[in-house]
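Undergrad: Right, I'll just put the structure down here and ask away after.
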Amino acid sequence: MAALDEAKLFPVIEAGWADAARAVIDVQPAAVLAGVTAARQSALAALAKQIGAQKPYLPLIAFEPCFALPDNAIPFHPSGENFDRLVARLRGALRIRSLHLTVLRRLGDTQVKTDLPNSDPARDATVLLIGRGGTYPALSIAFGERMGVVGAFSMEAAANHLGSRDIDGVVLGEGFSVRVVDAFLTVLSEDARFRSLAVVLTSDGLSPTHNLPNLEVITGEPADIAANALPLIRQHALEAQLGRTLRAIEADGLLDPQTGLLTRKAFDRDFATAVEQTKASGGGMSVARFAFDAANPRAQLDGARIITRLMRQTDFGAIRRDGSVIVLFADADLRSAHMIARRLSAVMRHTASGKRGVKSEPAVTVASLTPSDTPASLLARLYEGVQRAAS
């Protein structure tokens with residue numbers, strides 16, 4: 001209470017558990033903080049369900065939980081008597097609430113041609129799991145049942161993944177010294193791109209004093225660690241989802257808010273224009289098709305987001321009706337297009353999900369524009385390449 005009063009974020013109103021549900025309705029709070037014990041597990045679950053139905057996003061923070069939390073109840077364990085991280089975490093959560101308000105307001109405009117994705121952000125999240133100890137396989141399975149997992153056995157590999165893909169949370173397992181972990185956390189805290197990430201330490205021995213508002217030490221069985229880390233990761237995934245939706249709104253609905261790629265209609269229009277302009281100017285152009293395992297729908301989502309993040313500003317792509325992703329590479333001959341496609345495919349191969357940690361590398365086909373091509377004939381040749389590869 002003293003830390004919140006000193007921060008002066010907003011007035012603080014206290015309520016007992018018996019009055020909590022009514023207080024949420026009457027007060028319309030910007031955030032809810034709950035002190036929990038084992039005896040309050042069912043009460044917290046009911047409160048979390050009520051809060052989860054609220055719009056805009058209403059942060060729920062649970063103090064020192066000793067049980068698996070609901071998906072939207074963010075854990076907080078203070079560092080001794082230091083509550084600075086709590087204030088920073090609240091500020092970050094309130095920024096997400098403000099972003100949600102902005103998106104809802106913009107979606108209320110009848111001219112807007114997009115919608116907020118209705119999928120649970122947690123299911124679309126991706127976590128970076130770093131470790132090389134005995135608990136790594138169990139942690140990979142526990143997190144993989146809930147979200148996509150990118151594994152790294154070294155800090156160097158982890159840094160590469162952070163720079164090449166959208167990550168919602170970092171989980172640090174066993175196998176690294178306190179000094180190495182401290183150095184890695186310092187790097188994260190000094191980079192604005194990663195400062196709001198959910199960061200979970202799975203072993204004791206390091207006091208979370210870094211400038212990382214969503215850093216938590218969560219120990220125990222892998223399933224319990226994953227359950228209590230999920231709300232922090234889910235919140236970051238929600239922020240990313242809202243950001244994509246806002247960009248789609250600003251693009252007049254021409255972007256897919258789930259992936260950031262063009263919508264099919266926008267792609268077909270721009271593709272036809274690009275073909276005609278390239279033929280008129282005598283330049284080069286290629287297209288690539290990334291086909292994903294139909295039994296692993298998560299692979300398509302991850303692949304599409306990786307393409308959005310890594311493709312050049314002159315390139316564009318879209319998800320097709322058959323579930324594949326087609327990307328146009330401007331000013332690229334067949335050889336250059338193959339090289340670009342291979343680099344994108346190599347990044348996609350590291351994501352795993354499900355109980356068995358299934359990984360999926362897409363099947364890639366490439367075709368280049370010829371002087372006699374139309375948009376339809378170029379796509380037809382691209383799909384002919386798919387049939388030849390299959391046979």
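Undergrad: If I ask for residues that are exposed (fewer than 15 other Cβ atoms within 10 Å of the Cβ) and of a type in the set (A, V, I, L, M), which ones from the range 163-186 would you list?
TA: Listed by number, the residues that qualify are V178, V180, A183.
Undergrad: Residues being of a type in the set (S, T, Y) and under 14 Å from V171 (Cβ atoms): count how many of those fall in the range 117-132.
TA: Of the residues in the range 117-132, 1 are of a type in the set (S, T, Y) and under 14 Å from V171 (Cβ atoms).
Undergrad: Name the pairs: first residue in the range 54-73 and of a type in the set (A, V, I, L, M, F, W, C), second residue buried (at least 22 other Cβ atoms within 10 Å of the Cβ) and at pLDDT below 90, Cβ to Cβ under 9 Å, at least 6 apart or on different chains?
TA: That search, which allows pairs on different chains as well, returns A73/P65.
Undergrad: Failed condition for A248, given (1) in contact with a helix residue (DSSP H, G or I) (Cβ under 6 Å, 6 or more places away or on another chain); (2) within 19 Å of A304 (Cβ to Cβ); (3) not polar (S, T, N, Q), with all others met?
TA: Only one criterion in (1) in contact with a helix residue (DSSP H, G or I) (Cβ under 6 Å, 6 or more places away or on another chain); (2) within 19 Å of A304 (Cβ to Cβ); (3) not polar (S, T, N, Q) is unmet by A248, namely (1).
Undergrad: Being within 24 Å of the chain's Cα centre (by Cα), at pLDDT 90 or above and assigned to a helix (DSSP H, G or I) is the requirement here; does K49 meet it?
TA: yes
Undergrad: Enumerate the strands (runs of 3 or more DSSP E) found wholly within the range 276-336, keeping only those where 2 or more residues are loosely packed, with under 15 Cβ neighbours inside 10 Å and in contact (Cβ under 8 Å) with a residue 60 or more places away in the chain.
TA: Ranges flagged: none.
Undergrad: Out of S391, S377, S360, which single residue is modelled with pLDDT of 90 or more and either polar (S, T, N, Q) or in contact with a Lys or Arg (Cβ under 7 Å, 6 or more places away or on another chain) (or both)?
TA: S377
Undergrad: Across the range 80-115, which residue is surrounded by the most Cβ atoms within 10 Å (Cβ to Cβ) among those that are hydrophobic (A, V, I, L, M, F, W, C) and modelled with pLDDT under 85?
TA: The extreme case among them is F83.
Undergrad: Okay, moving on. Out of the residues in the range 103-117 that are closer than 18 Å to D256 by Cα and in a helix (DSSP H, G or I), state the one that is nearest to the chain's Cα centre (by Cα).
TA: Result: V103.
Undergrad: Given the criterion at pLDDT below 85, assigned to a strand (DSSP E or B) and crowded, with 19+ Cβ neighbours inside 10 Å, identify the matching residue among A352, A367.
TA: A352
Undergrad: Of the conditions (1) modelled with pLDDT under 90; (2) crowded, with 22+ Cβ neighbours inside 10 Å, A142 clears all except one; give me its number.
TA: Failing condition for A142: (1).
Undergrad: Give me the pairs, please: first residue somewhere in the range 181-192 and in the same structural domain as E156 (by TED's automatic domain parsing), second residue anywhere and surrounded by 15 or more Cβ atoms within 10 Å (Cβ to Cβ) and part of a helix (DSSP H, G or I), beta-carbon distance under 6 Å, and either six or more positions apart or on two chains.
TA: F184/M155
Undergrad: What are the residues in the range 116-136 that are loosely packed, with under 13 Cβ neighbours inside 10 Å and free of Cβ contacts under 8 Å to residues at least 40 places away in the same chain, if any?
TA: The answer is N118, and nothing else.
Undergrad: Something else now. Restricting to the range 54-76, what's the tally of residues that are buried (at least 17 other Cβ atoms within 10 Å of the Cβ) and outside any loop (DSSP other than H, G, I, E, B)?
TA: Qualifying residue count, the range 54-76: 7.
Each row is one residue, and each column tells you yes or no for (1) modelled with pLDDT under 95; (2) in the same structural domain as S372 (by TED's automatic domain parsing); (3) more than 19 Å from A367 (Cα to Cα).
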| site | (1), (2), (3) |
| --- | --- |
| T273 | no, yes, no |
| S286 | no, yes, no |
| T308 | yes, yes, yes |
| A318 | no, yes, no |
| D331 | yes, yes, no |
| L334 | yes, yes, no |
| A341 | yes, yes, no |
| S345 | yes, yes, no |
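The values are calculated or read from the model by the stated rules, or taken from the named source; none is laboratory data. Model, not experiment: these values are computed from the prediction. Please note: Cβ atoms are built from the backbone with ideal geometry, for glycine as well, and neighbour counts cover all protein chains shown.
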